Amino acid sequence: MSEWWSYRLSDFLLFSPRTYHRLFGLYNAAIWPAQAAAVLLGLLMLVLLRRGGPVAGPAVAAILAACWAWVAIAFHLDRYATINWAAPWAATAFLAQAALLVWAGAVGGRLSAPPRLDIAGRAGIGIFLFALLAQPAIGLLLGRSWRQAEIFGVAPDPTAIGTLGLLLALAGPARWVLMVLPALWCAATGATLWAMSAPEAWVVPAAALLALVLATWQGLRRTG
């Protein structure tokens, strides 16, 4: 019997990279045109942040909650669970994040759009734009089909990264609580991609780490 330290991360992988990417192709075909609606919702959140006002924070939180709930049910439970026994646990985490967004922002009013973005807030918008517009193209650059693109609002990785970016652009006492689950997902997906020897494995964890560092710096500046 092999000792536990002789195992590699790839030994725990339940599916092949080809199966994983094909899953996204089948998923995208099944949910079209939800991807277009998700991108439009992403652009709407940018408009809300730009305009500001008392409605902006709750509205952004409500849209994000809908995106997390969609990914929990349509992706994790309906699709990812067919190749990964842990997908229902991921779905639970995504539903918990949706509930937290409703509690903190949509209902509780613990998130607001500041009248002016600081450096970290502007960087957060940049991170969100990366998740919304650039991340779907990564697969294309690596030779995969555009049908397998991961889109913000309907796929887990860009949704988690985009959420971290938007939280940097928002203000309120609940931001750190709302960053926990997206950051944990980014770490988990980074480990999964690393196990698959995916060249982009570093992208999602790096984006999450950048968002957390900026949030820490932003918090220190605001309390300093």
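The values are calculated or read from the model by the stated rules, or taken from the named source; none is laboratory data. Keep in mind that this is a model prediction, so the values were computed, not measured. Note that we place each Cβ from the backbone using ideal geometry, even for glycine, and neighbour counts take in every protein chain shown. Calculation scope for accessible area: heavy atoms of the full protein, side chains included, ligands and nucleic acids excluded. Shrake-Rupley method; radii C 1.70, N 1.55, O 1.52, S 1.80 Å.
Laid out as a table, the results:
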quantity: Per-peptide average of other Cβ atoms within 10 Å, ordering 41-51, 123-133 highest first; calculated: 123-133, 41-51
quantity: Crossing angle, helix 34-51 versus the chain [Cα axis fit, 0-90 degrees, rounded to tens]; calculated: 30
quantity: Computed over the range 117-201: relative contact order in percent, which uses C-alpha pairs under 8 Å that are six or more apart; calculated: 30
quantity: Shape call, the range 30-117: gyration tensor on alpha carbons, a/c limit 1.5; calculated: oblate
quantity: The chain: angle of helix 203-223 to the longest principal axis, Cα-based, in degrees nearest 10; calculated: 20
quantity: The chain: relative contact order as a whole-number percent, Cα under 8 Å and 6+ apart; calculated: 23
quantity: Residue-span extension gain [VAL213 to ALA99] - 0.36 nm each, minus C-alpha spacing; calculated: 38.5 nm
quantity: Principal axis box of the range 34-175, alpha-carbon based, largest edge first, Å; calculated: 44, 31, 23
quantity: 1.4 Å probe accessible area per residue over the chain, in Å²; calculated: 50
quantity: Rounded tilt (10° steps) of 175-195 against the dominant C-alpha axis of the chain; calculated: 20
quantity: Accessible area of the range 96-194 belonging to carbon and sulfur atoms, whole % at 1.4 Å probe; calculated: 70
